[in-house]
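A.B. asks: Before we start, here is the structure in question, set down as structure tokens.
Readers should treat all values here as calculations from the given coordinates under stated rules, not as data from a laboratory. The structure displayed is predicted, hence computed values, not measured ones. Every residue, glycine as well, gets a Cβ built from its backbone with ideal geometry; the counts of neighbours run over all protein chains shown.
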Amino acid sequence: MPGTIVQIYEIQTPDEARAMIGLGVDHIGSVVTSQHRRHDPVLRETVSVVRQMGAVSSLIPLYKDPEAIFDTLDYYRPHIVHFCDALNDNGDHSVDAALELQAAVRTRFPDIRIMRSIPIGQTGAAIGEAVLSLAGRLEPLSDFFLTDTVITGAPGAADADQPVAGFVGITGLTCDWSVAARLVEVSRIPVVLAGGVSPENVADGIRQVRPFGVDSCTCTNAVDQQCRPIRFQKDPARVGALVSAARKADDINQG
Ligand SMILES: O=C(O)c1ccccc1NCC(=O)[C@H](O)[C@H](O)COP(=O)(O)O
């Protein structure tokens, strides 16, 4: 059985990508932060280095306009486009609109796979049936799911409460792993476990959820003097510790 893949965000330069791949990271996650400054030659070189080194690039466009997203994919040509926008059937960003976008990406970019974040509340706040129902709607037009923590519990609700308004992610908090495990069981596509994954808890996450992969951003970032994570700056020692803990967990599970 292949081991659990490790995906690490936010890798924004070629040197960081080389360092992360050297530490054993499988998927290198990068973020295009602005629709208006979406052509970033350094980031494009980063994606290209990942491809040359035989790793997998995952790219988040942190905006929602379909034409800007198509243009972004044309410019970077990542292996995976990762959509983590908060979906809300009561608002202007519906699941149907997301499905339409994902269908258009499949038609225009048949080589680019689609990762879709599935929001799950923290333990005690997650609504399992709603999570599985949302995932069921998105599955036909997605290639991977990534479970990620939503602060309020209800999928798609209270978009503005998230660290980046309108997007799900970078909370540094774990979601309800029993719901994530249920998604792994029923899903026909691979599921990556994210949200608060750290060197300290990754082995438990692998054991309890049995995901295809694990993803980490906040808990492997460098920290400032007040111990607050610094966005877009990794701590290579923590990334290395997470990779080793994940590999050890795989060995125990398979042995
Ligand atoms: O990295 C960003 O800027 C970002 C912003 C908004 C949503 C997601 C974002 N990035 C990456 C991911 O999808 C994360 O890897 C994921 O949220 C992991 O959660 P955590 O480890 O708790 O930061």
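A.B. asks: Find the strands (runs of 3 or more DSSP E) located wholly in the stretch 199-255 whose residues include 2 or more that are surrounded by 21 or more Cβ atoms within 10 Å (Cβ to Cβ), and list them.
C.D. replies: Working: elements: 213-216, 221-223, 229-234.
Output list reads 213-216.
Listed here are the residues, each with its yes/no results for (1) farther than 21 Å from Pro211 by Cα; (2) part of a helix (DSSP H, G or I).
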residue	(1), (2)
Gly3	no, no
Ile11	yes, no
Ala19	yes, yes
Arg38	yes, no
Glu45	yes, yes
Ser48	yes, yes
Arg51	yes, yes
Lys64	yes, no
Glu67	yes, yes
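A.B. asks: Val6: touching a residue at least 40 places away in the same chain (Cβ under 8 Å), out of contact with any Ser or Thr (no Cβ under 7 Å at 6 or more places or on another chain) and away from the ligand (no atom under 16 Å from the Cβ), yes or no?
C.D. replies: It is false that Val6 is touching a residue at least 40 places away in the same chain (Cβ under 8 Å), out of contact with any Ser or Thr (no Cβ under 7 Å at 6 or more places or on another chain) and away from the ligand (no atom under 16 Å from the Cβ).
A.B. asks: Follow-up question, since we're still on this one. Which condition from (1) over 24 Å from Val223 (Cα atoms); (2) surrounded by fewer than 15 Cβ atoms within 10 Å (Cβ to Cβ) is the one that Gly22 breaks?
C.D. replies: For Gly22, the exception is condition (1).
A.B. asks: Any residue in the stretch 216-236 that is in contact with a helix residue (DSSP H, G or I) (Cβ under 6 Å, 6 or more places away or on another chain), of a type outside the set (Asp, Glu), within 11 Å of the ligand (Cβ to nearest atom) and under 18 Å from Arg182 (Cα atoms)?
C.D. replies: no
A.B. asks: Could you list, ordered by first residue, the pairs with Cβ atoms under 7 Å in which the first is in the stretch 222-236 and in contact (Cβ under 8 Å) with a residue 12 or more places away in the chain and under 15 Å from Pro199 (Cβ atoms) and the second is assigned to a strand (DSSP E or B) and of a type in the set (D, E, K, R), at least 6 apart or interchain?
C.D. replies: Ala222/Lys234
A.B. asks: Inspect the stretch 60-74 for any residue being buried (at least 19 other Cβ atoms within 10 Å of the Cβ), in contact (Cβ under 8 Å) with a residue 40 or more places away in the chain and of a type in the set (D, E, K, R) and give the result as yes or no.
C.D. replies: No; the residues of the stretch 60-74 include none that is buried (at least 19 other Cβ atoms within 10 Å of the Cβ), in contact (Cβ under 8 Å) with a residue 40 or more places away in the chain and of a type in the set (D, E, K, R).
A.B. asks: Being more than 20 Å from Gly169 (Cβ to Cβ) and of a type in the set (Gly, Ala, Ser) is the filter here; which residues of the stretch 198-255 pass it?
C.D. replies: Across the stretch 198-255, the qualifying residues are Ala203, Ala237, Gly240, Ala241, Ser244, Ala245, Ala249, Gly255.
A.B. asks: So which residues in the stretch 18-30 are within 15 Å of the ligand (Cβ to nearest atom) and touching a residue at least 40 places away in the same chain (Cβ under 8 Å)? If you could, list the steps in order and put the result at the bottom.
C.D. replies: In the first step, residues of the stretch 18-30 are kept if they are within 15 Å of the ligand (Cβ to nearest atom); the result is 20, 25-30.
Selection gives Met20, Val25, Asp26, His27, Gly29, Ser30.
A.B. asks: Moving on. Could you grab me the full set of residues in the stretch 175-187 that are crowded, with 22+ Cβ neighbours inside 10 Å and not in a helix (DSSP H, G or I)?
C.D. replies: Within the stretch 175-187, Cys175, Asp176 meet the criteria.
A.B. asks: Here's a check for you: in the stretch 38-54, which residue that is within 16 Å of Ile112 (Cα to Cα) and within 16 Å of the ligand (Cβ to nearest atom) is surrounded by the fewest Cβ atoms within 10 Å (Cβ to Cβ)?
C.D. replies: The extreme case among them is Val47.
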